[in-house]
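The values are calculated or read from the model by the stated rules, or taken from the named source; none is laboratory data. These figures come from a predicted structure and were not determined experimentally. Ideal geometry is used to build each Cβ from the backbone, glycine not excepted, and the neighbour counts take in all protein chains shown.
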Amino acid sequence: MSLSFKGIIPALVTPFKGGEVDEEAFRRHVDFVIREGVHAVLPCGTTGESPTLSHAEHQRVIKIAVSEARGRVPVLAGTGSNSTREAVEMSVQAKKDGADGLLLVAPYYNKPSQEGLYRHFQEIALAAALPVILYNIPGRCGVEILPETTSRLSQLPNIVGVKEATGDLNKMIRTIELCGPDFLVTSGDDSLTLPLLAVGGGGVISVAANLVPRSMVEFWDKWEKGDLSGARTLFFKLLPLFKALFLETNPVCVKYALHLSGRMERDMRLPMLPPSVAVAHRLEELVDEWGTKA
């Protein structure tokens, strides 16, 4: 498998201004995280408010990410849908637009069977012919990709990994056990990155890396160099930030923190709203503490 999606990958926030995608702010943000050393970028994940992007905006955001990355790091495009046909169309288009891989979330709301999940991902992977990372987040989708199904999917040549956001380390361990060392299991939760690495995980698709990409890369570098003590120390220093960024539904907190840092407007699209006064105050404290202001 390709190892190009190991490491620290920010799930990119999509800036809005006046109700529209703020393309200039997005370009600056992509360039910022790449210059800080991240290993790939992910446009159009849930952190990028993909559910409220039109199809045209979705395609545009991916194209901007590819253009701004300029080959410096791979672009992993979020192209999942609860419609297999729609996901195929978006995935094929992302390949045409220069994406290096695809992140495919489990079909949400319609709750397919495990066989339905298998056939859904199989069809997209065959049609798009790019490396695929599955995205397992039952709390948002209402359906879980079981480790046994992930193992079946891992036998397909271009399904190379899974982003695990179940919050269940035992199931992540089972996935690693069934799929073997060449299949990438990456964390979907910043706060579970260290324990997942300890059992064979390959990094994190990160919310926090939007705000503190360099610190996240430093954590990864310490781990890769075998400096477990240093990685652990930095992980626990980052832990209050990880927790604060999920005090309200993601990406409410990280977008507000980026606004406080001067990197983009705080604008969100309904039904998402800026954070409550109490949460905003906590984020202000952390932005000051981490010195993230542009």
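Things worth noting here:
- Residue identified as buried (at least 23 other Cβ atoms within 10 Å of the Cβ), modelled with pLDDT of 95 or more and acidic (Asp, Glu) among ASP227, ASP221, ASP190, ASP267: ASP190
- Only residues that are buried (at least 24 other Cβ atoms within 10 Å of the Cβ) and without any contact (Cβ under 8 Å) to a residue 60 or more places away in the chain were counted across the range 92-104, and they come to 4.
- Cβ-Cβ distances below 9 Å connect the following pairs, each with a first residue in the range 35-51 that is on the phi < 0 side of the Ramachandran plot and part of a strand (DSSP E or B), a second residue that is among the small types (Gly, Ala, Ser) and surrounded by fewer than 24 Cβ atoms within 10 Å (Cβ to Cβ), and a separation of six or more residues or different chains: VAL41/ALA69.
- Within the range 105-118, tally of residues that are aromatic (Phe, Trp, Tyr) and either more than 10 Å from CYS141 (Cα to Cα) or surrounded by 15 or more Cβ atoms within 10 Å (Cβ to Cβ) (or both): 2
- Contacts under 7 angstrom Cβ, first residue in the range 142-153 being more than 18 Å from LYS111 (Cβ to Cβ) and surrounded by fewer than 21 Cβ atoms within 10 Å (Cβ to Cβ), partner among the polar types (S, T, N, Q) and modelled with pLDDT of 95 or more, 6 or more apart: none
- Considering residues of the range 275-294 that are in a loop (DSSP other than H, G, I, E, B) and at pLDDT 95 or above only, the residue farthest from ARG214 (Cα to Cα): SER276
- Selection of first residues in the range 211-225 that are within 15 Å of VAL41 (Cβ to Cβ) and of second residues that are of a type in the set (Phe, Trp, Tyr), restricted to Cβ pairs under 9 Å at least 6 apart or on distinct chains, gives the following pairs, ordered by first then second residue: LEU211/TRP290; PRO213/PHE32.
- When restricted to residues that are in contact (Cβ under 8 Å) with a residue 24 or more places away in the chain and either exposed (fewer than 12 other Cβ atoms within 10 Å of the Cβ) or farther than 15 Å from GLU248 by Cα (or both), the range 271-285 contains 0.
- Criterion: crowded, with 23+ Cβ neighbours inside 10 Å, in a loop (DSSP other than H, G, I, E, B) and either in contact with a helix residue (DSSP H, G or I) (Cβ under 9 Å, 6 or more places away or on another chain) or not charged (D, E, K, R) (or both) - qualifying residue of PHE26, PHE5: PHE5
- Residue count, the range 213-268 (criterion: part of a loop (DSSP other than H, G, I, E, B) and either aliphatic (A, V, I, L, M) or farther than 12 Å from VAL287 by Cβ (or both)): 15
- Condition check for SER215: within 20 Å of the chain's Cα centre (by Cα) and either surrounded by 14 or more Cβ atoms within 10 Å (Cβ to Cβ) or not hydroxyl-bearing (Ser, Thr, Tyr) (or both): yes
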